[in-house]
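To start, the structure itself, in structure tokens.
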Amino acid sequence: MRAQVVIVGGGPSGLLLSQLLHRAGIDTVVLERKTKEYVLGRIRAGVLERGMVAQLRAAGAGARMDREGLVHSGTVLSYGDDEIRIDFEQHTGETVLVYGQTEVTRDLYAAREAMGARLEFEVEDVVIEGIEGDGATVSYTQGGNRHSIRCDYVAGCDGYHGVSRKTIPGAVRQEFERIYPFGWLGILADTPPVHDELIYASSDNGFALCSMRSKSRSRYYIQCDIADDPANWSDDAFWDALRRRIPAAYGETLQTGPSIEKSIAPLRSFVCEPMRWGRLFLCGDAAHIVPPTGAKGLNTAASDVHYLSEALISHYAGDHDALDIYAPKALARVWKAERFSWWMTNLMHRFPGQSGFDRRMQQAEVAFLQENEHAQAVLAQNYVGLPY
Ligand code: FAS
Ligand code: PHB
């Protein structure tokens, strides 16, 4: 088989990239380790930056998002019973869209199938070769048979645990990491959200996030021990812990119900440099991970895809310098997303063994945010998404 670009990974990065390239006449194949149903069963991000919204529309996969997505013009940060509303529109003129990653992925699969895309599922033992030569080869096993695809370029969109990052020689790769000493226990419930905007709550009992998927489906998270297990948490225990972390006024109106999903996400900051090696380009979680506190994971994958799709389209149109621009440009925005996510995580969480001084530093940061419009504007600019 042959393709201009082989895309390893059929999550949001791989699907969005293949859709944008296909619409520009560039031939791709997407190789996905799991089944489509498994990929769609993942519950992950919930907030889309303006850049991601624009890309989904450009990919012809934004119609349901525009119908069902919830436009949010601000968010609430609370500290005990004190709360600050960050007004995105006042500070940036922009909003964000609340629309789950699961639905984004579903819409992208529908768009890819409508275009007759080459999507290969349940592939195993993917091996990427020849990325330093005059053409690459990607081989894989599917249904017990070994296949091989010759291609010009490979996009590694296979997430943190994928194979593409490890294809870059270890002597070349530089990896930067911070692992946080806690996780997020998240639940999905068919209950009306406790507030019409998101609430990022910090309290002496730990962090909580009140989010949503629609006006009748809520998504809540509480900070939990890094070694915790969802099985340790009854629904009632979760609701009680959440109530103790959000302002009392919201705790009194919180509508609880049975959880329909319960899982724990570890928190880490991670970046791999370079994001390109020869004919291999890394995109999304394959190259970087952020703690979800700043809602930047999926959205930074989207900016990678924007830069890479533009570079490949320019390259195939004859601009042979275009590909050299991808990695430095993507990485510059990745590090700004890493900084914001790290800052939000340090601001809002209770760290085990945190000293009294560190706690006062957090409280002083929140007090400054409460009093200073410019500080609120900086948070708003980062949250709605820095320009591409
Ligand atoms: P993904 O990991 O989504 O997709 C990679 C795909 O590659 C997967 O489908 C995988 O099956 C496939 N793959 C892996 N290895 C392969 C191989 N060898 N061969 C072929 N295919 C292979 N972000 C937020 O903004 N907010 C959140 O609340 C949030 N919560 C998260 C919770 C969890 C548990 C995780 C893991 C991430 C979360 N994220 C969140 C970040 C998440 O949304 C990612 O940023 C987003 O999924 C990135 O998309 P991809 O780069 O496509 O990677
Ligand atoms: C979510 O709705 O899953 C969500 C929203 C905002 C975040 C993280 C997760 O920062």
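The values are calculated or read from the model by the stated rules, or taken from the named source; none is laboratory data. Source: prediction; values computed, not measured. Neighbour counts are summed over all protein chains in view; Cβ atoms, including those assigned to glycine, are modelled from backbone coordinates with ideal geometry. Just so you know, the surface numbers come from the protein's heavy atoms only, side chains and all, with ligands and any DNA or RNA stripped out. Shrake-Rupley method; radii C 1.70, N 1.55, O 1.52, S 1.80 Å.
Annotations
- Per atom type, the chain shows carbon and sulfur on 50% of its accessible surface, probed at 1.4 Å.
- Heavy atoms of His374: accessible area, 1.4 Å probe, square angstrom to 10: 140
- Along region 362-375 the Karplus relation, 6.51 cos²θ - 1.76 cosθ + 1.60 evaluated at θ = phi - 60°, assigns HN-Hα couplings of 4, 5, 5, 5, 5, 4, 5, 4, 5, 8, 10, 4, 5, 5 Hz to successive residues, with x for each Gly and Pro.
- Point-charge dipole on Cβ atoms (K/R +1, D/E -1) for region 106-153, about Cα centre, debye to 20: 200
- Among Gly144, Gly93, Gly162, the residue with the largest mean-square fluctuation in a Gaussian network model of the chain, with springs joining Cα atoms closer than 10 Å, is Gly144.
- Counting only protein heavy atoms and a 1.4 Å probe, region 238-388 has 41 square angstrom of accessible area per residue.
- Selection from Ile313, Cys210, Leu48 lying farthest towards where the dipole of the chain points positive, charges on Cβ: Ile313
- Packing-based ranking of 70-83, 165-178, 45-58 yields 45-58, 70-83, 165-178, ordered from highest to lowest mean Cβ neighbour count within 10 Å.
- Proximal lysines relative to Lys336, as straight alpha-carbon distance under 30 Å, when same-chain residues fewer than 8 apart are discounted: Lys166, Lys296
- Placing +1 on the Cβ of every Lys and Arg and -1 on the Cβ of every Asp and Glu, with nothing else charged, gives region 153-275 a dipole about its Cα centre of roughly 360 debye.
- Integer Hz, Karplus 6.51/-1.76/1.60 couplings in order for region 166-180, x for Gly and Pro: 6, 6, 6, x, x, 5, 9, 6, 10, 10, 10, 8, 9, 9, 8
- With the convex hull drawn around the C-alpha atoms of region 201-332, the volume per residue stands at 153 Å³.
- Debye intensity ratio I(q)/I(0), log10, the chain, q values 0.10 Å⁻¹ (C-alpha model): -0.65
- The chain, relative contact order [Cα under 8 Å, separation at least 6], %: 21
- Most to least packed among 111-119, 97-105, 16-24, 196-204 [average Cβ atoms within 10 Å]: 16-24, 97-105, 196-204, 111-119
- With all protein chains kept in place, the per residue accessible area of region 86-173 amounts to 43 square angstrom at a probe of 1.4 angstrom.
- Dividing the helix sum by the residues of the chain, where each DSSP H run of 4 or more adds -39500 (n - 2.57), gives a mean residue ellipticity at 222 nm of -11500 deg cm²/dmol.
- Taken one residue at a time, the phi angles of region 102-119 give Karplus couplings (6.51, -1.76, 1.60, θ = phi - 60°) of 4, 6, 4, 5, 4, 5, 5, 4, 4, 5, 5, 5, 5, 9, x, 5, 8, 10 Hz. Gly and Pro are set to x.
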